[in-house]
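Let me begin by presenting the structure, written as structure tokens, before commenting on it.
The values are calculated or read from the model by the stated rules, or taken from the named source; none is laboratory data. Remember, predicted model here, so these are calculated numbers, not experimental data. Neighbour counts are summed over all protein chains in view; Cβ atoms, including those assigned to glycine, are modelled from backbone coordinates with ideal geometry.
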């Protein structure tokens, strides 16, 4: 099946899955390219759950790493797809999906690496792109950079696959490291941010490509774990910081009409209230310590509904989280904007950072105020030793904040999808000075669409 975006352009949908829990995962050993690690019983059961979660999607191709923990995960998923529909694309292995090569550390416990290679381990944690290791191959022994080599491997994979499967749907089963590198190279995220993307065992991510590598791409969702009964990805054991749950407000009537809202204070519609109720149910067992919202009606009401099971949490407001001011575009449909401001809507879609909304804002202005609010939210939470906060804002605000969290510029604004009522999870495990981690993005499973975001039309 060929997928089209709102402009009628073909979209290549890529669904990325990390292998199930392995024996080395349990033992906290460095796996790398070793093939000694096997799936645990939980790993196999979770792979079955992935297959069930994906069984309403028709795949044109399935690729897996040849390492047994990934290959077995792919085979279990494949069996589930066949059981459901009676047919499925055959599994193909690709060496370009092999895990990061860490030859000096492979098979060692993480604690051993920390003790034996303290300086390298610190570089790995803080500047992963600068880590060097001796590598033996047919040319002898040479120093190489594992993370940089992995990113190059990911680029090669994309160049092969995207050309071959234009407009199709492809399933990829890989590993923590290579999956991060594929997401990062697709979205232009620096190798220095290698640890800023979480990939849980059997987590599901969805990418939509408009063409090849370097053409517009959208991360529809990242690291969904709900099919395994895990509401949100678990906190890392040494987590000392704060977790923020970034939510986009529920639907409004103007969202439904594709009318530009901006700073016009449009309330939620009935569907938007239902979406907020579903988000409330989804997060009801999550301990929320504090909550902040844009002061506008639609996020305020969304936040109030989500907080109904959390009676002791006060809702505070940050003006900097308001939606972008679209100026003279506000209240207008896309076709009306095109008539009055020919070509500007197209520029907004391809060069968002260069567009000045007539009598409104540009993205730099939104960036400065929203990031200032975000930083103050994190700082206050850390000072008060608060663990988990709810932040409810808007489409443009959230996308700007996601760019900031991942070290991207406003040029990458369209790289992220934010569905109405969707939840993203951002951790600051080492405080404001350490790099944040995007644990999950644009979770919409609670809204009834399954793995794919059904909250709005159009893939890009």
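Within the range 86-104, identify whether any single residue is in contact (Cβ under 8 Å) with a residue 12 or more places away in the chain, outside the structural domain of residue 217 (by TED's automatic domain parsing), closer than 22 Å to residue 188 by Cα and out of contact with any strand residue (DSSP E or B) (no Cβ under 6 Å at 6 or more places or on another chain), and answer yes or no. Before the answer, list the steps.
So the first thing to find is which residues in the range 86-104 are in contact (Cβ under 8 Å) with a residue 12 or more places away in the chain, and the list is 88-104.
Subsequent filtering for residues that are outside the structural domain of residue 217 (by TED's automatic domain parsing) retains none.
Within the range 86-104, none of the residues are in contact (Cβ under 8 Å) with a residue 12 or more places away in the chain, outside the structural domain of residue 217 (by TED's automatic domain parsing), closer than 22 Å to residue 188 by Cα and out of contact with any strand residue (DSSP E or B) (no Cβ under 6 Å at 6 or more places or on another chain).
Exactly one of (1) without any contact (Cβ under 8 Å) to a residue 24 or more places away in the chain; (2) farther than 30 Å from residue 358 by Cβ; (3) in contact with a helix residue (DSSP H, G or I) (Cβ under 6 Å, 6 or more places away or on another chain) is unmet by residue 311. Its number?
Evaluating residue 311 over (1) without any contact (Cβ under 8 Å) to a residue 24 or more places away in the chain; (2) farther than 30 Å from residue 358 by Cβ; (3) in contact with a helix residue (DSSP H, G or I) (Cβ under 6 Å, 6 or more places away or on another chain) leaves (3) as the failure.
Got at least one residue in the range 347-367 being touching a strand residue (DSSP E or B) at 6+ places or on another chain (Cβ under 8 Å) and not assigned by TED's automatic domain parsing to the domain that holds residue 194? Spell out the reasoning first.
Pass one, the range 347-367, residues touching a strand residue (DSSP E or B) at 6+ places or on another chain (Cβ under 8 Å): none.
Looking through the range 347-367, none of the residues is touching a strand residue (DSSP E or B) at 6+ places or on another chain (Cβ under 8 Å) and not assigned by TED's automatic domain parsing to the domain that holds residue 194.
Need pairs with beta-carbon distance below 6 Å; first residue assigned by TED's automatic domain parsing to the domain that holds residue 182 and within the range 156-167, second assigned to a helix (DSSP H, G or I); sequence gap 6+ or separate chains.
As it stands, the answer is 156/96; 157/96, since those pairs meet every condition given.
If I filter the range 348-358 down to residues being assigned to a loop (DSSP other than H, G, I, E, B) and free of Cβ contacts under 8 Å to residues at least 12 places away in the same chain, which single residue comes out as surrounded by the most Cβ atoms within 10 Å (Cβ to Cβ)?
Restricting attention to the range 348-358, the residues satisfying the condition of being assigned to a loop (DSSP other than H, G, I, E, B) are 351, 355-358.
Imposing the further condition that a residue be free of Cβ contacts under 8 Å to residues at least 12 places away in the same chain reduces the set to 355-356.
Details: 355: 17, 356: 13.
This residue is 355.
Every residue in the range 233-243 that is surrounded by fewer than 23 Cβ atoms within 10 Å (Cβ to Cβ) and touching a strand residue (DSSP E or B) at 6+ places or on another chain (Cβ under 8 Å), please.
Going residue by residue through the range 233-243, those that are surrounded by fewer than 23 Cβ atoms within 10 Å (Cβ to Cβ) are 233-241.
Answer for the range 233-243, where residues must be surrounded by fewer than 23 Cβ atoms within 10 Å (Cβ to Cβ) and touching a strand residue (DSSP E or B) at 6+ places or on another chain (Cβ under 8 Å): 233, 235, 236, 239, 241.
Given the criteria at pLDDT below 95 and either out of contact with any strand residue (DSSP E or B) (no Cβ under 8 Å at 6 or more places or on another chain) or more than 17 Å from residue 442 (Cα to Cα) (or both), does residue 193 qualify? I'd like the intermediate steps shown before the answer.
On the way: at pLDDT below 95: no; either out of contact with any strand residue (DSSP E or B) (no Cβ under 8 Å at 6 or more places or on another chain) or more than 17 Å from residue 442 (Cα to Cα) (or both): yes.
No; evaluated as a whole, the condition is false for this residue.
Assess whether residue 370 counts as being in contact (Cβ under 8 Å) with a residue 40 or more places away in the chain, under 17 Å from the mean Cα position of the chain (by Cα) and more than 28 Å from residue 226 (Cα to Cα).
Working: in contact (Cβ under 8 Å) with a residue 40 or more places away in the chain: yes; under 17 Å from the mean Cα position of the chain (by Cα): no; more than 28 Å from residue 226 (Cα to Cα): yes.
No; evaluated as a whole, the condition is false for this residue.
Does residue 253 fit the bill of being over 30 Å from residue 287 (Cβ atoms), outside the structural domain of residue 10 (by TED's automatic domain parsing) and surrounded by fewer than 18 Cβ atoms within 10 Å (Cβ to Cβ)? Write out each step before concluding.
Numbers: over 30 Å from residue 287 (Cβ atoms): yes; outside the structural domain of residue 10 (by TED's automatic domain parsing): yes; surrounded by fewer than 18 Cβ atoms within 10 Å (Cβ to Cβ): yes.
So residue 253 passes the test.
Scanning for something touching a residue at least 12 places away in the same chain (Cβ under 8 Å), part of a loop (DSSP other than H, G, I, E, B) and in contact with a strand residue (DSSP E or B) (Cβ under 8 Å, 6 or more places away or on another chain), does the range 401-416 turn up at least one residue? Spell out the reasoning first.
Pass one, the range 401-416, residues touching a residue at least 12 places away in the same chain (Cβ under 8 Å): 401-416.
This time we only want the ones that are part of a loop (DSSP other than H, G, I, E, B), so: 406-409.
With in contact with a strand residue (DSSP E or B) (Cβ under 8 Å, 6 or more places away or on another chain) added as a condition, the list becomes 406.
Yes, because at least one residue in the range 401-416 is touching a residue at least 12 places away in the same chain (Cβ under 8 Å), part of a loop (DSSP other than H, G, I, E, B) and in contact with a strand residue (DSSP E or B) (Cβ under 8 Å, 6 or more places away or on another chain).
If you go through the range 161-181, how many residues are under 17 Å from residue 209 (Cα atoms) and assigned to a helix (DSSP H, G or I)? Even if it seems obvious, please write down each step before you answer.
Let us first name the residues in the range 161-181 that are under 17 Å from residue 209 (Cα atoms), namely 161-172, 179-181.
Restricting the remaining residues to those that are assigned to a helix (DSSP H, G or I) gives 161-164, 179-181.
Residues that pass the stated criteria total 7.
Matching residues to (1) surrounded by fewer than 22 Cβ atoms within 10 Å (Cβ to Cβ); (2) over 25 Å from residue 189 (Cα atoms):
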position	(1), (2)
360	yes, yes
364	yes, no
368	yes, no
378	yes, no
384	yes, yes
387	yes, yes
394	no, no
398	no, no
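How about the range 172-188: which of its residues are in contact with a strand residue (DSSP E or B) (Cβ under 7 Å, 6 or more places away or on another chain) and closer than 16 Å to residue 405 by Cβ?
Scanning the range 172-188 gives 180, 183, 184, 187.
State the number of residues belonging to the range 133-150 that are at pLDDT 95 or above and surrounded by fewer than 14 Cβ atoms within 10 Å (Cβ to Cβ).
The number of residues fulfilling the criteria is 0.
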